[in-house]
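One structure is given here, and the rest of the page talks about it.
Every number here is computed from the coordinates shown, using simple stated rules; none is lab data. Since the structure is predicted, the reported quantities are computational estimates derived from the model, not experimental observations. Ideal geometry is used to build each Cβ from the backbone, glycine not excepted, and the neighbour counts take in all protein chains shown.
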Amino acid sequence: MKRLLLLLIGVAVSVGFLWYAMRDTDLGTVSSAFQTANYLTLPVLLLLLLAFYWLKSVRFAQLLEPAAPLTARQLFGPVMIGFAANNILPAHLGEFVRVFVVNRQHRVPAGTVLSSVVLERIFDIFAILALFGVGILMAPDMPDNYQRGALTFAAFAAGIVLIMGVYMVWTDWFVTTTARIAGLFPFVPKWLTEKLLDLLRQGAIGLHSLKSARAILLITLNSLLQWLINGYSACLALQAFGVEVTLSTGLILTGITALGVMIPAAPGYFGVVQVCFQIAVQVQQIKPDPSLVLAASLYSQIVAYIAVTGMGVFFLNRAQLSLQDLQRAADQQS
């Protein structure tokens with residue numbers, strides 16, 4: 001019943017966002033845009049997508065190396081299965097699925113894998129917000145009504161990046177201090193405080209296992225490159241539909257989408273992503289046809305959804321697992 005309720009809420013949220021994204025669009029123009037789009041971008045988008053997830057596998061191997069010397073090739077399958085599960089299962093359960101698959105295939109303790117996954121998210125937040133700030137600085141002639149809010153958010157992002165840096169360098173002190181500060185706010189739900197502290201502790205385990213400033217630097221650079229590729233892919237999709245944007249749009253879109261996918265939408269986040277695309281292009285002085293932006297967002301998302309889900313199902317079959325196995329594993333570990 002709980003699973004069904006979450007799914008229904010997610011579907012309702014996605015439908016609402018999709019309606020909002022389509023409110024100023026013309027379906028005839030969207031259809032025409034798909035007929036005239038530059039599909040020479042498709043192989044490039046697929047290669048960029050492959051590079052994006054391969055880099056994730058390389059980073060995953062780096063994070064697990066102190067506990068389990070696995071290669072990126074060995075971990076690419078579990079990574080793709082996990083992200084495919086995110087496209088099918090609600091509530092980001094794909095992360096728990098990845099923990100299950102690595103534990104089953106390579107006998108790495110689930111707690112070790114989970115701490116690495118949590119640490120991944122921390123590096124992702126660091127990279128996404130850093131690139132978002134760069135995107136804001138690169139955005140040419142941003143309209144006044146967006147500039148104030150964007151600069152405020154960029155300052156907030158810079159603050160979060162600084163906090164993440166302190167966490168990576170002075171991990172134990174940061175976790176202890178966060179616990180003390182959390183105790184000063186009794187009105188904050190206890191479960192939320194415990195969840196945050198648990199995530200920080202799991203990440204601390206991963207950071208301690210690295211033991212090397214060089215390893216942390218390489219992982220940070222890997223994370224930045226991942227999300228730079230993601231931003232460029234978004235620009236390429238928009239350009240395929242005649243929306244002339246710069247890399248700054250892609251970097252801003254990456255930051256906005258990272259916030260958007262925190263909303264409890266349906267698996268795949270259709271609707272949410274479309275609204276994120278529209279917000280991101282509005283920082284440009286050009287006024288693109290909303291129908292073209294909608295078409296480009298659908299193109300980008302459909303390509304990624306089919307490719308990631310298809311690869312995930314392929315590796316799922318190779319691992320002799322079923323979707324039911326993944327759902328049970330996600331339920332048990334979450």
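Structure notes:
- Segment W19..N317, full-extension length gain: 103.7 nm, with 0.36 nm per residue of separation and the alpha-carbon distance subtracted.
- Label-point separation in nm, D198 to T71, each point 7 Å along Cα→Cβ: 3.6 nm
- For the chain, the mean residue ellipticity at 222 nm estimated from helices alone is -27000 deg cm²/dmol, where every DSSP H run of n ≥ 4 contributes -39500 (n - 2.57) and the total is divided by all residues, rounded to the nearest 500.
- Ranking G10, M168, A295 by Cα position along the charge dipole of the chain, where only Lys, Arg, Asp and Glu carry charges on their C-beta atoms, puts M168 farthest toward the positive end.
- Cα-Cα P(r), region 16-119, percent of pairs per 5 Å interval: 2, 11, 16, 17, 12, 11, 10, 8, 7, 4, 1, 0
- Our coupling estimate for region 252-259, obtained by passing each phi through the Karplus curve with A = 6.51, B = -1.76, C = 1.60 and θ = phi - 60°, is 5, 4, 4, x, 5, 5, 4, 6 Hz, Gly and Pro reported as x.
- Nearest-20 debye value, the chain charge dipole, Cβ charges on Lys, Arg, Asp, Glu: 960 debye
- Ellipsoid equivalent to the chain - semi-axes via the Cα gyration tensor, in Å: 32, 25, 20
- Within region 75-124, all pairs of alpha-carbon atoms sorted by distance into 10 Å bins from zero give the percentages 29, 58, 14.
- Radius 11 Å from Cβ of M80, net charge of other residues (Lys, Arg +1; Asp, Glu -1): +3
- Note on region 1-109: with charges restricted to the Cβ of Lys and Arg (+1) and Asp and Glu (-1), its dipole about the Cα centre is near 480 debye.
- Relative intensity of region 4-74 on a log10 scale, I(q)/I(0) at q = 0.17 Å⁻¹, equals -0.88, per a Debye sum over C-alpha point scatterers of equal strength in the absence of solvent.
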